[in-house]
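All remarks here apply to the structure that follows.
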Amino acid sequence: MATKRKWPSLILSATLFAGLLAACSGGNDGKGASSPSASPSASGSSSSPESASPSPEKLEPLTLTYYSEDVNPNWANMQDDLGKAITEKTGISIKAEFAVGDAEQKSALIAASGDYPDLIMAKTSISKFVDAGAVLDLTDLIEQHAPNIKKLFEGQMNRLKYSKTDQAIYVIPSYDGIGQQYFEAGGGMQLQHRVVKELGYPKIRTVQDFENAIKAYLAKHPKDENGNPNVGLSLIAEDWRMYIGVTNPAFLSTGGSDDGEYYVDIDTHEVTYHFRRPIEKEYFRWLNHMNAEGLLDKESFVQKYDQYKAKIATGRVLGLIDQKWDFDDGQKALKAEGKMDQAYGHYPVTLSEEYKHTAFWPTGFTGGSGIAISVDNPDPVRTIKFLDYLASDEGQVLVNWGIEGKHYKMENGKRVIPADIAERRLNDGINFQKESGLGNYNLLSAHYGDGVKDPSGNYYTQRFPEQLISDYSDVEKEVLSAYGATIWKDLFPKEDEFKLKPWGALWNIPIPSESDLVVLEEKLKNITWKRIPEAILAKPEQFDALWDKYMQEIEAAGVEKAEQLRQELLNERLALWGS
């Protein structure tokens with residue numbers, strides 16, 4: 001899914017955390033420090049999957065510093081319900097630092113500093129830390145002290161290896177859930193429920209359908225109840241969110257899967273910088289048209305993320321092209337005010353009906369992105385046991401469901417969310433997350449995916465169809481019913497309509513720091529982030545000339561060399577994974 005991409009999102013996400021990014025790269029001179037004998041430890045014997053509770057010896061207080069490229073505005077310094085429970089169970093607390101602005105730049109600075117946090121949440125930049133010798137090879141630690149993590153990754157350990165030439169394990173993958181089935185459609189294009197209701201639930205399948213709905217509603221309601229102008233379509237383009245809100249939708253709506261800034265042909269495995277696909281030019285031409293028609297928010301390319309969420313929270317924005325984890329804080333504010341009809345539905349909008357929206361294109365287990373233990377960590381053994389506890393059945397239920405009797409109860413052997421908690425989740429989601437901690441700890445360790453059941457027969461996570469439906473407002477259920485669906489995923493093409501990608505995702509293959517690709521892709525990004533907004537905001541008669549200029553500039557900047565180097569990384573991944 002596209003939501004796995006850069007945040008997740010993390011956004012992650014969100015999500016996950018409200019937004020997402022992290023880091024990784026090449027050989028590590030400090031591998032030997034990963035040996036349990038090389039690090040002091042007050043730990044007791046390792047826990048088993050059946051008996052996951054840490055031993056009393058582990059309860060001696062230990063604070064670990066933690067850096068994450070994934071931003072979490074709802075982090076409460078482990079003073080939430082789950083944080084307190086985790087600390088009580090393990091004796092470990094976490095002092096967190098989250099990236100602000102350009103996360104990859106922040107990660108590069110930390111990697112170069114020689115002074116590392118104890119835990120590093122790495123997504124796309126792990127190579128920076130590996131090349132700096134900043135992170136441990138976790139192979140022996142997992143083998144000797146992490147039975148639950150071993151159990152989770154059984155049959156997948158090959159995908160945890162860093163590269164064909166360096167087969168160390170530097171990261172415990174946490175962005176991918178083992179056995180993951182995606183039920184929640186958090187992407188696509190979004191329309192407020194009131195828009196489709198008033199228009200009699202029109203077909204929302206192509207960008208023309210999406211545009212027509214916005215245009216028709218604005219013609220009837222140019223202003224809100226307070227006399228403020230309603231906004232047709234608002235985009236978010238600040239920093240890395242340019243990917244999520246502006247550039248990724250170009251391939252998602254034209255038949256391409258999420259491989260970062262590249263398109264990979266599923267049959268030939270040929271790599272192309274995705275903006276060079278002629279069909280994507282037509283997607284951006286449509287955005288140019290939306291701007292010319294006055295349907296695109298004039299602040300799309302200048303607004304800050306907080307301003308974007310605040311604008312959504314006013315209820316004036318009719319349409320979005322984003323991921324739920326990225327805009328959900330604004331939507332939660334609407335729900336808290338009872339404005340359920342101004343929340344958003346998710347539609348599989350593509351450029352034309354010849355394309356399938358690729359939100360649910362399966363990647364298999366990708367690995368690569370997750371939690372690393374640094375060489376400065378004071379107790380790697382105790383830390384891996386902490387991460388192993390979070391990956392245990394007990395830890396997974398705690399992280400995903402909360403505390404029994406407080407956040408859920410057992411009825412006839414099933415975990416059930418009480419009505420008052422369900423109401424708070426729906427109507428006061430931000431404050432509930434801050435107080436409960438639910439959603440704050442999912443990325444800290446390996447975990448099972450949505451749709452996987454634990455030994456009791458209950459799902460590990462709360463994202464399964466029945467629970468999703470119970471979380472919907474009456475308005476949302478009404479809209480879904482009108483479209484013949486029970487959950488938003490019902491509207492999207494299913495996983496079995498696509499071929500499984502044997503390389504996982506190209507974006508999460510680490511790039512060695514010394515590779516020319518590092519400089520090449522930075523140049524390409526800078527050109528793209530300048531020229532795409534310019535083309536969208538230009539007069540329609542100027543669009544083709546500007547696009548031609550963009551293509552010439554990326555060719556001069558070495559796009560073909562970048563494609564070649566990415567092709568080599570893809571081929572190595574296929575060889576490493578035995579495909």
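The values are calculated or read from the model by the stated rules, or taken from the named source; none is laboratory data. None of the values given here were measured: they were computed from a predicted structure. Cβ placement follows ideal geometry from the backbone for every residue including glycine, while neighbour counts extend to all protein chains displayed.
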- Kindly list the number of the only condition in (1) within 24 Å of the chain's Cα centre (by Cα); (2) under 22 Å from T254 (Cβ atoms) that fails for V559. (1)
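Within region 443-465, take every residue that is in contact with a Ser or Thr (Cβ under 9 Å, 6 or more places away or on another chain) and not in a loop (DSSP other than H, G, I, E, B) and give me the one that is farthest from G395 (Cα to Cα).
Going through the qualifying residues, I end up with P465.
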- Query: Are any residues in region 272-296 closer than 26 Å to L318 by Cα, under 25 Å from the mean Cα position of the chain (by Cα) and not hydrophobic (A, V, I, L, M, F, W, C), and if so, which ones?
  - Reply: E280, Y283
- Item | Meets criteria (crowded, with 22+ Cβ neighbours inside 10 Å and either at pLDDT below 95 or of a type in the set (K, R) (or both)) for K311 | no
